[in-house]
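To start, the structure itself, in structure tokens.
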Amino acid sequence: MPHAQANTKVVHTVCSHDCPDSCGVLVTVDTLTGRATKVQGDPSHPVTRGFLCGKVAKYLDRVYSPDRLLYPMRRRADARKGPLEKGNEAAAFERISWDEALDLVAGRLKTITETHGPESVLPYSYAGTIGQLGYGSMDRRFFHRLGASQLDRTICASAGGAAMMSVYGVKLGVEPQDFAHARSIIAWGANIHGNNIHLWPFIEQARRNGAKLIVIDPYKTRTAALADWHIAIHPGTDTALALGMMHVIVRDGLENKEYIARCTHGFDDLKRHVLQPEYAPAQVEKVTGVAAADIERLAREYARAVPSAIRLNYGIQRSENGGAGARAVLMLPLLTGAWMHRGGGVQLSTSGSFPFNSTRLQMPELMLASPLKREARVVNMSQLGQALTELNDPPVKAMFVYNSNPAAVAPNQNAVLRGMAREDLFTVVHEQFFTDTADYADVLLPAPTFLEVKDTQGAYGHLFAQISSPAIAPLGEAKSNVWLFGQLGQRMGFPEACFHDTEDDLIAQAYETSHPWFAGITPERLEKEGHVRLNLPEGEPFSSPGWFRTPSGKGEFSSTAMVEAGSDAIPTFHAPSESRLSPQAAIYPLEFLPRKADNYMNSTFANLESHQKLESGRIGVLEMHRTDAALRGIATGDPVEIFNDRGRMQLTAHVDGTVPEGVVASRLSWNKTHAEGQGINLLTSERLTDIGGGATFYSTLVEVRKSCV
């Protein structure tokens, strides 16, 4: 750790934003003023290696933004819920004390649960922080004890997670450092340079040693622009391409028979499946738009490279057939035996490798002490619009939002906002800024940044556990999730001692496990060393049967569990309900990609001028292929209307080479940063993925026309 100069100290924190890198961050603090003056990557962290992404490098702009929410507030009686004028949102609220806020929230929740039942309360949160405490600890205890509806947190990763569990039984993969040893790297639905930047140096190291980087993505991302080969696949057809690759590998005898016999289950069934005519390259070309010759080349190059690595990201599973697509791609290294070599295999997520005691943190048994005396119902967060406008028995009468901005990020935005605007819905929002969601709050509570709280976390892109120490005092009256929900539990009169637990208590509980992968990893050691790698067995992951946690104890090409869950035993391509292959394409012929902005983290950072400058010219823009634009008489700079049955919005056309023919794209931002106050999720549906119940953002059909305005 760098030495502090006079009147300064350096504090080790961990970036808790929703990113696989989970960077170690060193914060320099002026001890005279208590103000943070510098953030930098921890040079001793083997993945962070001393640098930060462009988002967090500017993090003090966020921490000390003049727009931070610093005090509890309640909506004024004469202020209706709905979009507020940007920069003047505070006029709709009045400041109150924390005591008033806690009494108000606890009192309203008591009345609502007594009148409508506790399941009429819906918590809504996701990964605004991925620290163990901030993401899910005291908050879950509170809502479990209350008897509130449980939230199925599916909006990002559930289909891919279910896919990985079905094939491997554990979320583990190639370490980022080991990508440096690969001879071939496929980035499949993974914009590494945009949102996984700490993997990039290892890929560049591999390329300097002769490796080739292949990107499979419908959009020409930053990563695709830097690749040796970009394959612009049609959205939602990844299953077909992966099965087509398997067709070539098996047909030509390129599979690793020894590894398959030793470490996999169901190969004979897979072989029969992939050798069907529909997965021959000529047929796959018709589905994916990838030339048959390219499919042949891709399959052979992948199978013959030793070692070969795949960085699979969650973009692939945000289509209706995304679970099958992720399953198929995850099976490729099983087919070739890539796991036998350092740097070979696949990485989707390493999150399940960290055996934190989440049961101890979240205490689901508290549901049995609630007025329900049973487990509460489950509401899928990807269907929030339905939950707020259609759900009954009981209807949702209170929503508590934290770690998320559903007004901007949830699909089917019209239904979501219509539900949030209900005057009979009591909404509490715990936030750092006046987000689109905060505009609908009845009570608005100030939340801290990761520089202001203590937490511990693993990662979903590496294998190091860390503790994040608070570098500065919380600004204003900002309070952590742990403090907030502990206080609410006490105000509600819950007698359990667990609502008095401190951050240090919870961190200790997170490490209460006998799992061998956490052997020797303790809070005390983490406080001293900053980061500690998981205590994994010797050898490469999945190089032997002992690594798998599936029912068969091996990597599963064919899954009985999938059949029992109503899915296909072996991944099978089914065209999404909204795609160029579906009948609906006759009305809405363009496939829409509602992309994440490169310089925001989902909707986080979208309000900051320094980050907006980095996205200049891309927010509020519809990217089009020249053929599609010409057919509609559209040129760069023209105002256009994009629409489907769910909604319509105005954007500005940009005709370039970022999307293939038949595809249009626009970037996620806050609704209020768009001229009309509408966001791109106005156009997405609440249809769910084939497995995991995830959101299908990338299975969206639209039409575009030149606007008259």
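The values are calculated or read from the model by the stated rules, or taken from the named source; none is laboratory data. Since this is a predicted model, take the numbers as computed values, not measurements. A quick note on method: Cβ atoms are made from the backbone with ideal geometry, for glycine too, and the neighbour counts reach across all protein chains shown. SASA here: full protein model, heavy atoms, side chains in, ligands and nucleic acids out. Shrake-Rupley method; radii C 1.70, N 1.55, O 1.52, S 1.80 Å.
For segment 63-73, 3J(HN,Hα) computed residue by residue from phi via the Karplus equation (6.51, -1.76, 1.60; θ = phi - 60°) reads 4, 9, 4, x, 8, 4, 7, 10, 9, x, 9 Hz, glycine and proline entered as x.
At 222 nm, what helix-only mean residue ellipticity would the chain give, in deg cm²/dmol to the nearest 500, using -39500 (n - 2.57) for each DSSP H run of four or more?
Details: 24 runs with 196 residues, N = 709.
Taken over the chain, the calculation gives -7500 deg cm²/dmol.
Please report Rg over Rh for segment 330-418, where both radii come from the alpha carbon positions and Rh follows the Kirkwood definition. Numbers along the way, then the final one.
Details: Rg = 20.1 Å, Rh = 17.5 Å.
Radius of gyration over Kirkwood radius for segment 330-418 works out to 1.15.
For segment 109-114, backbone phi angles converted through the Karplus equation (6.51, -1.76, 1.60; θ = phi - 60°) give residue-by-residue couplings of 5, 4, 4, 5, 5, 6 Hz, Gly and Pro being listed as x. Using a 7 Å offset from Cα along Cα-Cβ at GLU423, what residues in segment 75-92 end up with backbone N under 17 Å from the label point? It comes to 75-83, nothing else.
Stretched out straight at 0.36 nm per residue, the stretch from LEU275 to LYS9 would grow longer than its current Cα-Cα span by 89.5 nm.
Using Cα positions and a limit of under 20 Å, work out the aspartates and glutamates in reach of LYS528, with same-chain residues fewer than 8 apart set aside. LYS528 reaches ASP42, GLU452, ASP455, GLU503, ASP504, ASP505, GLU512. Distance between the pseudo-spin-label points of ARG304 and GLU94 (7 Å out from Cα toward the beta carbon): 7.6 nm. For the pair ALA57 and ARG222 in one chain, pulling the backbone fully straight at 0.36 nm per residue adds 57.5 nm over the alpha carbon distance.
Which shape class, rounded, prolate or oblate, goes with segment 175-219 when its Cα gyration tensor gives a ≥ b ≥ c as root eigenvalues, a/c under 1.5 marks rounded, and past that a/b bigger than b/c marks prolate? Walk me through the numbers on the way to the answer.
Working: a/c = 2.16, a/b = 1.38, b/c = 1.57.
Oblate, because a/c is 1.5 or more while a/b does not exceed b/c.
Computing FRET efficiency as 1/(1 + (r/R0)^6) for LEU536 and GLN283, where r is the C-beta to C-beta distance and R0 is 41 Å, gives about 0.50.
FRET efficiency for the pair ALA675 and ALA635, taken as 1/(1 + (r/R0)^6) with r the Cβ-Cβ distance and R0 = 22 Å, rounds to 0.65.
The simple spin-label model puts a point 7 Å past each Cα toward its Cβ; for LYS528 and ILE587 those points are separated by 6.6 nm. Proximity of backbone amide H atoms, modeled 1.01 Å from N, is registered between TYR124 and PHE400, VAL401, TYR402 at under 5 Å, excluding neighbours fewer than 5 places apart on the same chain. The trypsin sites (Lys or Arg not before Pro) of segment 522-629 that meet both conditions, a loop assignment by DSSP and at most 14 other Cβ atoms within 10 Å of the site Cβ, are ARG549. Near PHE93, the amide H atoms lying under 5 Å from its own belong to ARG76; only residues 5 or more places off or on other chains count, and H is placed 1.01 Å from N. Expressed as a whole percent, the accessible surface of the chain that belongs to carbon and sulfur atoms is 49, based on a 1.4 Å probe. Placing pseudo-labels 7 Å out from each Cα toward the beta carbon at THR627 and THR502 gives an inter-label distance of 6.5 nm. In this structure the amide hydrogen of ALA187, modeled in the peptide plane, comes within under 5 Å of the amide hydrogens of ILE214, VAL215, ILE216, ARG311, none closer than 5 places in sequence on its chain.
For the chain, what relative contact order do you get, as a whole percent, if you take Cα pairs closer than 8 Å and at least 6 residues apart?
Working: 1645 pairs, mean separation 141.9, N = 709.
About 20 percent, as a whole number.
For the pairs LYS55/LYS706; LYS110/LYS479; LYS58/LYS596, flag any whose C-alpha to C-alpha distance is greater than 24 Å. As for pairs spanning more than 24 Å Cα to Cα, those are LYS55/LYS706. Cross-link partners of LYS212 among aspartates and glutamates, defined as those whose alpha carbon lies under 12 angstrom from its own and excluding same-chain residues fewer than eight positions apart: GLU204, ASP228, GLU301. Computed 3J(HN,Hα) for segment 669-679, one whole-Hz value per residue from the Karplus formula 6.51 cos²θ - 1.76 cosθ + 1.60 where θ = phi - 60°, is 8, 5, 4, 6, 7, 8, 4, 9, x, 10, x, glycine and proline marked x.
Cα gyration tensor of segment 53-180, axes a ≥ b ≥ c as square roots of the eigenvalues: rounded (a/c below 1.5), prolate (a/b > b/c) or oblate?
Working: a/c = 2.58, a/b = 1.37, b/c = 1.88.
Since a/c reaches 1.5 but b/c is at least a/b, the shape of segment 53-180 is classed as oblate.
If R0 equals 45 Å, the separation of the Cβ atoms of THR31 and GLU365 corresponds to a calculated FRET efficiency of about 0.55. Among the listed values [x] 163; [y] 152; [z] 475, the one matching volume of the Cα convex hull per residue in Å³ as calculated from this structure is [y].
What is the extension gain from SER707 to ALA519, computed as 0.36 nm multiplied by their sequence separation minus the C-alpha to C-alpha distance, in nm to one decimal? The partial results should precede the final answer.
Working: separation 188, 0.36 × 188 = 67.68 nm, distance 6.21 nm.
Extending this stretch completely gives an extra 61.5 nm.
Note on LYS373: aspartates and glutamates with a C-alpha under 14 Å away, same-chain residues under 8 apart excluded, are GLU119, GLU365.
Label segment 464-513 by shape, choosing from rounded, prolate and oblate, from the square roots a ≥ b ≥ c of the eigenvalues of the Cα gyration tensor; if a/c is under 1.5 it is rounded, and otherwise prolate applies when a/b is larger than b/c, oblate when it is not. Taking the square roots of the gyration eigenvalues as a ≥ b ≥ c, segment 464-513 is oblate.
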